[in-house]
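To keep things clear, I will list the structure first and then write my remarks on it.
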Number of protein chains: 2
Amino acid sequence: MTQLFLVSAGPGDAELITPKTIKAIEASSDLVAYGLYIELLGEICRGKTQHDLPLGEEVGRARKALDLAAQGKTTSLISSGDVGIYAMATLVFELLDNVLAGKENHPEWLNVKIEVIPGISAMQANSSAAGALLGHDFCTISLSDLLTPWETIVKRIHSAGSGDFVVSFYNPVSVKRNWQLDTARDILLEYRPTSTPVVLGRNLTRKDHRVRIMRLDELKATEVDMFTCVSVG
Amino acid sequence: MTQLFLVSAGPGDAELITPKTIKAIEASSDLVAYGLYIELLGEICRGKTQHDLPLGEEVGRARKALDLAAQGKTTSLISSGDVGIYAMATLVFELLDNVLAGKENHPEWLNVKIEVIPGISAMQANSSAAGALLGHDFCTISLSDLLTPWETIVKRIHSAGSGDFVVSFYNPVSVKRNWQLDTARDILLEYRPTSTPVVLGRNLTRKDHRVRIMRLDELKATEVDMFTCVSVG
């Protein structure tokens, strides 16, 4: 039985990478990741066979990692943040569910031993930059409607508002999705005061990090990009 | 200006403590923490002045840490998990808010430079033990009604149900609070199938860790203690 590590590279700062992540990478012969994360990890990735599939090929990365591990290669599949939060771990387990349900024919994947190594996610970097934003009940909502219908996302934003949760938005905008965040803001304004603080953290804990704090009624999708975590206090 | 580090000791496994946490403790002369966390951190706490206030004296610990830092001592205030998630960071910033609002007379606290160092929280350990429970939208709810009225908590559980969030319950039970989790289960069952998976993670990532997976309709407060994180998938 061979090993697949699902590894969390954290929000960016090398000092926020855990020893458990380092150890998994050291134990691996093969690394599967979007190239940027391998750069973040630096020296310890040297000498490993690197499989760098571009953004958008997330499922391809999950398949590749299962294939390599099934072939007997100790493999690390690397995500930024926490691999279990809007990241690669879900895709790997969904592929395994497909095999169990007979929708895919990869029995060899079921022989792979999987260890999930948690890490620090963007909302936590955002919270620590702003003080203690997640001190009370909070939720996360992804604004990407690639896999979730937009009506479901809208329902969740209403629930976040009615439940008075602190909300962190993941995938707030992309080149093609440029209006969802404005709609999310308008929904939250039905429940929250206009002065509710919003923290925009871009590339947090990295060298070029930027934190901005504004009022909820000042939030605009045009102020945000796909590297930004938006938390509404 | 002196330094106060708000430090996250993670869920228990020494390999899930970040280098940033270690560095903060090394830089400190004084540590404020519940003694168990100092034990978890081990060797690096040797030779530091340790201020071990018992459970229940959380506000006292936050005051002590601000006092020590204001006296010029580089201080680490240590929480398990993530110091920003249901932990000490909130209490520190609430005390500072009190000073700014004129409710407390400790102007010296405002001269303390504060750095919050995020870490891995219980829900993340729970999720990684179970696969990838937090892969989609999720929320956290504390069932402790010491500071939050029970009606507010009930409203949030309904919101978590209507929004179809994965829910992690923090502070699920205590000696005195032995019925809240059963009520929370009954509320969620208004929205979710009885077969919804529940992960009970006790002391996760520690030597005596225990993971149990059950159906939502099997969940009972009597199966859970205050060291357990309950996540409903």
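Please work out which residue is nearest to the chain's Cα centre (by Cα), limiting yourself to the range A:191-232 and to residues that are among the aliphatic types (A, V, I, L, M) and surrounded by fewer than 19 Cβ atoms within 10 Å (Cβ to Cβ).
Initially, the range A:191-232 is screened for residues among the aliphatic types (A, V, I, L, M), giving A:198-200, A:204, A:211, A:213-214, A:216, A:219, A:221, A:224, A:226, A:230, A:232.
Cutting the leftovers down to surrounded by fewer than 19 Cβ atoms within 10 Å (Cβ to Cβ) gives us A:211, A:213-214, A:216, A:226.
Details: A:Val211: 19, A:Ile213: 22, A:Met214: 24, A:Leu216: 24, A:Met226: 12 Å.
Out of the qualifying residues, it is A:Met226.
Given A:Asp186, A:Asp208, A:Asp164, which one is of a type in the set (Asp, Glu) and on the phi > 0 side of the Ramachandran plot? So that I can check it myself, show each step before the final result.
Numbers: A:Asp186 fails: on the phi > 0 side of the Ramachandran plot; A:Asp208 fails: on the phi > 0 side of the Ramachandran plot.
One residue alone meets the criteria, A:Asp164.
Scan the range A:1-18 residue by residue and report those that are assigned to a loop (DSSP other than H, G, I, E, B), among the aliphatic types (A, V, I, L, M) and either more than 11 Å from A:Gly81 (Cβ to Cβ) or at the interface with another protein chain (Cβ under 8 Å from one of its Cβ atoms) (or both).
Listed by number, the residues that qualify are A:Met1, A:Ile17.
Return the residue satisfying two criteria in turn: it lies in the range A:120-132 and is touching a residue at least 40 places away in the same chain (Cβ under 8 Å) and within 7 Å of another protein chain (Cβ to nearest Cβ), and of such residues it is farthest from A:Ser231 (Cα to Cα).
Narrowing the range A:120-132 to residues touching a residue at least 40 places away in the same chain (Cβ under 8 Å): A:120-127, A:129-130.
Filter once more, keeping what is within 7 Å of another protein chain (Cβ to nearest Cβ): A:120, A:124-125, A:127.
Values: A:Ile120: 16, A:Gln124: 10, A:Ala125: 11, A:Ser127: 8 Å.
Out of the qualifying residues, it is A:Ile120.
Pick from the range B:19-35 the residues that are under 20 Å from B:Val92 (Cβ atoms) and in a helix (DSSP H, G or I): which of them is modelled with the lowest pLDDT? Please lay out each step first, then the result.
Initial filter on the range B:19-35 (under 20 Å from B:Val92 (Cβ atoms)): B:20-21, B:23-25, B:27-35.
From what's left, in a helix (DSSP H, G or I): B:20-21, B:23-25, B:27, B:35.
Values: B:Lys20: 97, B:Thr21: 97, B:Lys23: 97, B:Ala24: 97, B:Ile25: 97, B:Ala27: 97, B:Gly35: 79.
Step by step, filter the range B:19-35, then rank; the result is B:Gly35.
Would you tally the residues in the range A:190-233 being in a helix (DSSP H, G or I) and either out of contact with any Pro (no Cβ under 8 Å at 6 or more places or on another chain) or among the β-branched types (Val, Ile, Thr) (or both)?
Narrowing the range A:190-233 to residues in a helix (DSSP H, G or I): A:216-218, A:221-223.
If we keep only those that are either out of contact with any Pro (no Cβ under 8 Å at 6 or more places or on another chain) or among the β-branched types (Val, Ile, Thr) (or both) too, we end up with A:217-218, A:222-223.
Within the range A:190-233, residues that are in a helix (DSSP H, G or I) and either out of contact with any Pro (no Cβ under 8 Å at 6 or more places or on another chain) or among the β-branched types (Val, Ile, Thr) (or both) number 4.
Out of the range B:57-82, which residues are among the charged types (D, E, K, R), within 14 Å of chain A (Cβ to nearest Cβ) and surrounded by fewer than 19 Cβ atoms within 10 Å (Cβ to Cβ)? Working first, answer last.
Start the filter on the range B:57-82 by keeping residues that are among the charged types (D, E, K, R), which leaves B:57-58, B:61, B:63-64, B:67, B:73, B:82.
Applying the additional criterion that residues be within 14 Å of chain A (Cβ to nearest Cβ) yields B:58, B:82.
If the condition is that a residue be among the charged types (D, E, K, R), within 14 Å of chain A (Cβ to nearest Cβ) and surrounded by fewer than 19 Cβ atoms within 10 Å (Cβ to Cβ), then B:Glu58 is the only one that fits.
Since B:Ile85 meets every condition but one in (1) over 30 Å from B:Arg210 (Cα atoms); (2) in a loop (DSSP other than H, G, I, E, B); (3) within 14 Å of chain A (Cβ to nearest Cβ), which condition does it not meet?
(1)
Quick check on the range A:19-35: of everything there that is under 19 Å from B:Gly81 (Cα atoms) and in contact (Cβ under 8 Å) with a residue 24 or more places away in the chain, which residue is surrounded by the fewest Cβ atoms within 10 Å (Cβ to Cβ)?
Step by step, filter the range A:19-35, then rank; the result is A:Lys20.
Identify, by number, the condition in (1) more than 14 Å from chain B (Cβ to nearest Cβ); (2) of a type in the set (Gly, Ala, Ser); (3) surrounded by 15 or more Cβ atoms within 10 Å (Cβ to Cβ) that A:Gly163 doesn't meet.
(1)
The rows are residues; the columns are (1) aliphatic (A, V, I, L, M); (2) modelled with pLDDT of 95 or more.
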site	(1), (2)
A:Thr74	no, yes
A:Leu77	yes, yes
A:Tyr86	no, no
A:Leu96	yes, yes
A:Val99	yes, yes
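So A:Thr140 fits all but one of (1) under 15 Å from the mean Cα position of the chain (by Cα); (2) more than 8 Å from chain B (Cβ to nearest Cβ); (3) surrounded by 17 or more Cβ atoms within 10 Å (Cβ to Cβ); what number is the exception?
Checking A:Thr140 against (1) under 15 Å from the mean Cα position of the chain (by Cα); (2) more than 8 Å from chain B (Cβ to nearest Cβ); (3) surrounded by 17 or more Cβ atoms within 10 Å (Cβ to Cβ), the one that fails is (2).
For residues in the range A:88-103 being more than 26 Å from A:Leu16 (Cα to Cα) and touching a Leu at 6+ places or on another chain (Cβ under 8 Å), which is farthest from the other protein chains (Cβ to nearest Cβ)? If you could, list the steps in order and put the result at the bottom.
Initial filter on the range A:88-103 (more than 26 Å from A:Leu16 (Cα to Cα)): A:94-103.
Right, trim to touching a Leu at 6+ places or on another chain (Cβ under 8 Å) and you get A:95-96, A:99-100.
Numbers: A:Leu95: 11, A:Leu96: 9, A:Val99: 14, A:Leu100: 12 Å.
Once the filter is applied, the top-ranked residue is A:Val99.
Can you pull out the residues in the range A:83-92 that are closer than 17 Å to A:Met1 by Cβ and surrounded by fewer than 24 Cβ atoms within 10 Å (Cβ to Cβ)? Working first, answer last.
First, pick out the residues of the range A:83-92 that are closer than 17 Å to A:Met1 by Cβ: A:92.
Answer for the range A:83-92, where residues must be closer than 17 Å to A:Met1 by Cβ and surrounded by fewer than 24 Cβ atoms within 10 Å (Cβ to Cβ): there is none.
When you check B:Ile187 against the structure, is it assigned to a helix (DSSP H, G or I), touching a His at 6+ places or on another chain (Cβ under 9 Å) and within 14 Å of another protein chain (Cβ to nearest Cβ), yes or no? It would help to see each step written out before you state the result.
Numbers: assigned to a helix (DSSP H, G or I): yes; touching a His at 6+ places or on another chain (Cβ under 9 Å): yes; within 14 Å of another protein chain (Cβ to nearest Cβ): yes.
When the stated conditions are applied, B:Ile187 passes them.
Taking only the range B:36-82 into account, find how many residues are free of Cβ contacts under 8 Å to residues at least 24 places away in the same chain, within 30 Å of B:Ile141 (Cβ to Cβ), out of contact with any Cys (no Cβ under 9 Å at 6 or more places or on another chain) and not in a loop (DSSP other than H, G, I, E, B).
Here the count works out to 1.
The values are calculated or read from the model by the stated rules, or taken from the named source; none is laboratory data. Keep in mind that what you see is a predicted model, and the values were worked out from it rather than measured. Using ideal geometry, Cβ is built from the backbone for each residue, glycine included, and neighbour counts are taken over all protein chains shown.
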